[in-house]
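Chemist: Please see the structure below; I have some questions.
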């Protein structure tokens, strides 16, 4: 009986040792798993903290960019308001200046028309006195044609010089050639060239006037040739007097001598057919 009890006691002791060993292993494994879980949690927390820091930095940068954009937008709006004020300040005087310029151009055009009309009356009166009422008026058909009026005036003046001074003259013109010229310009050109013809007529034997477009077609060239000039020094003084009187116009005037003849070229400024005051 006592032997059986001893065996049972041994078995129980062995079983208890096995259970204790298993419990020790389980406890160790549990502790290890707990330590690993704790370490994983720490690492996850660290990663989350670092990510949160980075997110906070990006958010701060975004806030700065937003503030900078707001500042730029404010500056742009301020500049736009200033630009509108500048335009309002400039456009009103500019519009007034354009209107005044248009009015001045219109006034000059009217003056030119009147001046050319008066020149026509003066030349027609002289022509009727010299030629008589039976001959046709050389101005006929030149209404609205400043170039035609200029040539008609030069032609009648050459005839008047022939009758009054005795110096023959002729006008050369390509009637098919047209050059846009303002009425005021035509009137000034006529007055200047008539004065030059009158000054050269007493000291030469013939006058030849050639009216033609320039080589490029952008201007009008009037060439006066005094043939067989008797007093070159006198001719030079007469030409200089006319040039001095025309100095403020800034027209191109040139003279050349060939033998005893003097050739004077006057470049008359022209206008574009579409020249207008910009609005």
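Chemist: For segment 113-268, I need the span (max minus min coordinate) of the C-alpha atoms along each principal axis, in Å, sorted largest to smallest.
Modeler: 39, 37, 28
Chemist: Let me ask something additional. May I ask you to order 196-206, 158-168 by the average number of other C-beta atoms within 10 Å around their residues, highest value first?
Modeler: Working: 196-206: 19.2, 158-168: 16.5.
Top to bottom by mean Cβ count within 10 Å: 196-206, 158-168.
Chemist: Sticking with this structure for a sec: Subtracting the Cα-Cα distance from 0.36 nm times the residue separation, let me have the gained length for residue 41 to residue 253 in nm, one decimal.
Modeler: Numbers: separation 212, 0.36 × 212 = 76.32 nm, distance 10.33 nm.
So the extension gain works out to 66.0 nm.
Chemist: Taking the Cβ-Cβ separation of residue 23 and residue 54 as r and a Förster radius of 30 Å, what is the calculated FRET efficiency to the nearest 0.05?
Modeler: Numbers: r = 46 Å, r/R0 = 1.54.
After rounding to 0.05, the efficiency reads 0.05.
Chemist: If R₀ is 51 angstrom, what is the calculated FRET efficiency for the pair residue 178 and residue 75, using the beta carbon separation as r and rounding to 0.05? Before the final figure, lay out each step's value.
Modeler: Values: r = 58 Å, r/R0 = 1.14.
With a Förster radius of 51 Å, E is 0.30.
Chemist: Another question about this same structure. Suppose the chain between residue 241 and residue 122 were pulled fully straight at 0.36 nm per residue; how much longer would it get relative to their current alpha carbon spacing?
Modeler: Stretched out fully, the residue 241 to residue 122 stretch lengthens by 40.5 nm.
Chemist: Roughly what would the spin-label model give for residue 205 and residue 221, points 7 Å off Cα along C-beta, in nm?
Modeler: That separation, rounded to one decimal, is 2.6 nm.
Readers should treat all values here as calculations from the given coordinates under stated rules, not as data from a laboratory. Here the structure is a predicted model, which is why all the values come from computation and not from measurement. Glycine gets a Cβ as well: all are built from the backbone with ideal geometry, and neighbour counts include every protein chain shown.
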